[in-house]
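What follows is a set of notes on a single structure, which appears directly below.
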Ligand SMILES: *Cc1c(COP(=O)(O)O)cnc(C)c1O
């Protein structure tokens, strides 16, 4: 067996080489490197795929989360509710606007924002009266959508703006509703390791609201008005390169097939590992894209043992994420303590992720499972 990759981008390239090479060659010969026609085509196809009305392709997933907060005018004195168990960017964008992230706990089965904890934190902020509750960022961690039916209800009741962090969510669904279609806006990432990734940085924002869409397209290019040299607000340079859009088109066309492959691979892992570890759950009516395949060990010592055994066999494995955001050094001034968000802390101590991608073979899965089942 060859070298086992965590996410085998080489295998994907070999599979799509003809289409990807042709797309790259076309961009090089047309030389329309910024805002070329492939960007608009991608935005159009992403709308069709997700069922959203509007899409704005961006320079990264982080930009795709920052722009909607800027469009909503969120800033100093505002509270934005964010799960503590996620990638740093989910909260970083809140701090970049000047607003304050208020961390919430997660649901153990699907690793995502716990609606009950969200309600508690909203009440607490209201009681304290120091910050204005303004928005919620719910993350589709590892490809499984957050509990949006309940979170949307809480946001409606409290008049809060809801942003879906779908950086890992693309390809997931709740019933017929696809990821990137939940809440007021959604942001996804095309970082190479994501389920739909390009060959550099990239992302996209989605919304159904025309006014928000207009603001997003302005903010993406230095707060432009009628044209680039008419500046009506403070924005930034957050465009997706034409080259990345062109590379994403054939990858998007292959996405459903790869998604099905990942889902079959996850089932195979589950079958073989369910007696030894807590395998990822898929809630009734929810579809996960299994962008990451994440197990839970019973404690950090068992996790270390499992990861050591994998590493000794040359099998890559990762911890997403070892430190919840409320305990990160940069957020020390907010005054959180270990014990404040027990589920997020327990997940950070026990999760680990195995190789997963749209081209992983049964043999590789079987070998990984046999190593894990031997310890
Ligand atoms: C990757 C990721 C981001 C940031 O995306 P970039 O494209 O790397 O800027 C934000 N949130 C989550 C949950 C992510 O996994």
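Coordinate-derived values only; no laboratory data. Values in this document were obtained by computation on a predicted structure and should not be read as measured data. So basically every Cβ, Gly included, is an ideal-geometry build from the backbone, and we count neighbours across all protein chains shown.
Observations
- Once the Cβ-Cβ distance of residue 132 and residue 309 is raised to the sixth power relative to R0 = 56 Å, the FRET efficiency obtained is 0.65.
- Full-extension gain in nm, residue 176 to residue 53, via 0.36 nm per residue minus C-alpha separation: 42.7 nm
- Beta bridges by DSSP in the range 1-158, antiparallel share as percent, to the nearest 5: 10 percent
- For the pair residue 30 and residue 256, label points projected 7 Å from Cα toward Cβ lie 2.5 nm apart.
- Euclidean distance between Cα centres, the range 313-373 to the range 207-266, Å: 29 Å
- A prolate overall shape is assigned to the range 315-375, the ratio a/c of its alpha-carbon gyration tensor axes (a ≥ b ≥ c) being 1.5 or greater and a/b exceeding b/c.
- FRET efficiency estimate (nearest 0.05) - Cβ-Cβ, residue 14 to residue 278, R0 25 angstrom: 0.15
- Between the beta carbons of residue 323 and residue 233, assuming R0 = 41 Å, the FRET efficiency works out to 0.70 to the nearest 0.05.
- Value at 222 nm in deg cm²/dmol, rounded to 500, when DSSP H runs of n ≥ 4 in the chain each add -39,500 (n - 2.57): -13500 deg cm²/dmol
- Estimated distance in nm for a label pair at residue 193 and residue 109, the labels positioned 7 Å out from Cα along Cα-to-Cβ: 2.8 nm
- Ascending count of other beta-carbon atoms within 10 Å, so fewest first, for 247, 24, 154: 24, 154, 247
- Antiparallel %, DSSP beta bridges [both residues in the chain], to 5: 60 percent
- Between residue 330 and residue 267, the simple spin-label model (points 7 angstrom out along Cα→Cβ) gives 4.1 nm.
- For the chain, built as a Gaussian network whose Cα springs stay under 10 Å, the top-fluctuating residue of 232, 221, 39: 232
- Cβ-based exposure ranking for 49, 293, 13, 229, in which fewest neighbours within 10 Å come first: 229, 13, 49, 293
- With 0.36 nm allotted per residue and the present C-alpha distance subtracted, the residue 217-residue 375 stretch has 51.6 nm of extension available.
- Gaussian network model of the chain, Cα within-10 Å springs - most flexible of 242, 86, 226: 226
- Global geometry of the chain, whether rounded, prolate or oblate, following the gyration tensor of its Cα atoms and the 1.5 cut on a/c: oblate
- Taking the fewest neighbouring Cβ atoms within 10 Å as the starting point, the ordered list for 52, 127, 268 is 127, 268, 52.
- Three-way shape call for the range 244-375 based on the alpha-carbon gyration tensor, with the a/c threshold at 1.5: oblate
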